[in-house]
1. Just one of (1) modelled with pLDDT of 95 or more; (2) closer than 25 Å to residue 9 by Cα trips up residue 126, so point out which.
2. When you scan the stretch 68-75, do you find a residue that is crowded, with 16+ Cβ neighbours inside 10 Å, in contact (Cβ under 8 Å) with a residue 60 or more places away in the chain and in a helix (DSSP H, G or I), even just one?
3. Pairs needed: first member in the stretch 49-66, over 15 Å from residue 106 (Cβ atoms); second member anywhere, surrounded by 17 or more Cβ atoms within 10 Å (Cβ to Cβ) and at pLDDT below 95; C-beta distance under 8 Å; at least 6 residues apart or different chains.
4. Can you find even one residue in the stretch 76-87 that is surrounded by 17 or more Cβ atoms within 10 Å (Cβ to Cβ), in contact (Cβ under 8 Å) with a residue 12 or more places away in the chain and within 24 Å of residue 6 (Cβ to Cβ)?
5. Might you let me know whether the stretch 33-45 holds any residue that is in a helix (DSSP H, G or I) and in contact (Cβ under 8 Å) with a residue 40 or more places away in the chain?
6. Going through the stretch 100-113 one residue at a time, which ones are surrounded by fewer than 16 Cβ atoms within 10 Å (Cβ to Cβ) and over 14 Å from residue 51 (Cβ atoms)?
7. Among the residues of the stretch 91-123, write down those that are over 14 Å from the mean Cα position of the chain (by Cα), in contact (Cβ under 8 Å) with a residue 40 or more places away in the chain and outside any helix (DSSP H, G or I).
8. Of all residues in the stretch 1-17, count the ones that are within 13 Å of the chain's Cα centre (by Cα) and in a loop (DSSP other than H, G, I, E, B).
């Protein structure tokens, strides 16, 4: 198994974990101020796990998978910035630049939230849950294109 396949398996496992966690809290979705307190009491670990997996997926894709994948397509990544790599991924119809930037912004916000900012925490949790589908689409497209390259 090469490194890209290894990372794709990790992504698949994280997506499955998020699906399981999301199902555990599905009756509370979308999260609002009223049900957030109950979620915090009964499912804080689940909320934390969803946020952690989201962050892990975003980091793994941007730091490892994207570069490895486009190198497999023959794109020279030497001395290329992440934005150039992202542009190539957009050209390959893997991810839209605006979508990725939005995912990055969500990741940054959840990394810097504070307990007293409940409205922002609720908003970010809902954004995480709404945007998980983008990770699924990226994973599926990379997996399909990678299999076709073999």
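1. Residue 126 satisfies every listed condition except (2).
2. Yes, the stretch 68-75 contains at least one residue that is crowded, with 16+ Cβ neighbours inside 10 Å, in contact (Cβ under 8 Å) with a residue 60 or more places away in the chain and in a helix (DSSP H, G or I).
3. none
4. yes
5. Yes: one or more hits.
6. 101, 102, 104, 105
7. Residues satisfying the conditions are 92, 93.
8. Number of matching residues: 0.
The values are calculated or read from the model by the stated rules, or taken from the named source; none is laboratory data. Just so we're clear, the structure is a prediction, and the values are computed from it rather than from any experiment. As a convention, Cβ positions derive from the backbone with ideal geometry for all residues, glycine included, and neighbour counts pool all protein chains shown.
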